[in-house]
1. Collect the residues in the range 308-323 that are surrounded by fewer than 13 Cβ atoms within 10 Å (Cβ to Cβ) and either touching a helix residue (DSSP H, G or I) at 6+ places or on another chain (Cβ under 7 Å) or closer than 17 Å to residue 214 by Cβ (or both), keeping them in residue-number order.
2. Condition first: outside any loop (DSSP other than H, G, I, E, B) and touching a strand residue (DSSP E or B) at 6+ places or on another chain (Cβ under 7 Å). Now tell me which residues in the range 230-275 satisfy that.
3. Look at residue 326 and say whether it is at pLDDT 95 or above, surrounded by fewer than 19 Cβ atoms within 10 Å (Cβ to Cβ) and either closer than 18 Å to residue 213 by Cα or over 23 Å from the mean Cα position of the chain (by Cα) (or both).
4. Pick out the one residue from 238, 243 that is surrounded by fewer than 21 Cβ atoms within 10 Å (Cβ to Cβ), under 25 Å from residue 133 (Cβ atoms) and in contact with a helix residue (DSSP H, G or I) (Cβ under 8 Å, 6 or more places away or on another chain).
5. Being at pLDDT 95 or above and within 18 Å of residue 218 (Cα to Cα) narrows it down to one of 140, 108, 145, 170, so name that one.
6. Exactly one of these conditions fails for residue 190: (1) closer than 17 Å to residue 101 by Cα; (2) modelled with pLDDT of 95 or more; (3) surrounded by fewer than 22 Cβ atoms within 10 Å (Cβ to Cβ). Give me its number.
7. What's the total number of residues in the range 138-154 that are under 15 Å from residue 103 (Cα atoms) and assigned to a loop (DSSP other than H, G, I, E, B)?
8. Residue by residue through the range 46-62, note down the ones that are surrounded by fewer than 22 Cβ atoms within 10 Å (Cβ to Cβ), without any contact (Cβ under 8 Å) to a residue 40 or more places away in the chain and assigned to a strand (DSSP E or B).
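The values are calculated or read from the model by the stated rules, or taken from the named source; none is laboratory data. Not measured: the values here are computed from a predicted model. Ideal geometry is used to build each Cβ from the backbone, glycine not excepted, and the neighbour counts take in all protein chains shown.
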């Protein structure tokens, strides 16, 4: 569908209407929507697309509601990358959807503005729900489990929309994301360590609060620079460091199990902490211009971690050969102004 306005594609319900693309021979998507406005897709299952189940690009106002997007066979790198995939869109609402077995992200929002993802379930994907290079996003009341990684907020280089931010993750339940990584080799998500709950990578102005995050074997929450991915960086306009991240009032718990060690991050965490990995890991990789005279982050860049029960935080200081590694959470004992809620026409 291209160049249309005010269109609703509506099934009889998740268990009643199914669009199956098994054996698809043409096209990379099940449904593809471009250059449209005020579009709603609801009440159906979309299965086994060759590529993405639903891709929307350059759409102003799009709603995905009461959908199942899934690959019905075994989890495999041959599955499509994304279940629900709005990119370069504005005013995006994704609610009460279920995403299963994507080889990249079950629900992925890229290079978009004004986004709400709520009351969704993502499981058996490489990444459950991912917000990438996007501005103004609220992700809340979702469940992410049995993925390689649960919730991701990324800023990546080489994309048209740079410097995403103003993202809130709250009231989500993120647990048991210990699935082996079946993403294709060479992709960004293919490097995601199994056993990951939430990652905030190179993103700015992110607030993570009132979530339940538990039993993710490698780490519950990571805040890290793109540089830790050890990929070549050619985009001179890209800022690879996270800043202005506020993690507060969450419930973390993790059984004393070894981190999954099929990835160098799990191997490093096991070497440092054994089976007792702190709930929150900050790599500490920063740019010198982010530091004040005391060699601490300037106020506008501060990472603040507060009121997360008895959780523990580790500062790895990877940018300085771990010389000042610390598990003293007091260095993050600060507060930031809450990020404003996203408002979109509904």
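1. 309, 310
2. Within the range 230-275, 243, 244, 245, 246, 247, 248, 251, 252, 253, 269 qualify.
3. Answer is no for this residue.
4. 238
5. 145
6. With respect to (1) closer than 17 Å to residue 101 by Cα; (2) modelled with pLDDT of 95 or more; (3) surrounded by fewer than 22 Cβ atoms within 10 Å (Cβ to Cβ), residue 190 is out only on (2).
7. So the count comes out to 3.
8. Matches in the range 46-62: 47, 57, 58, 60.
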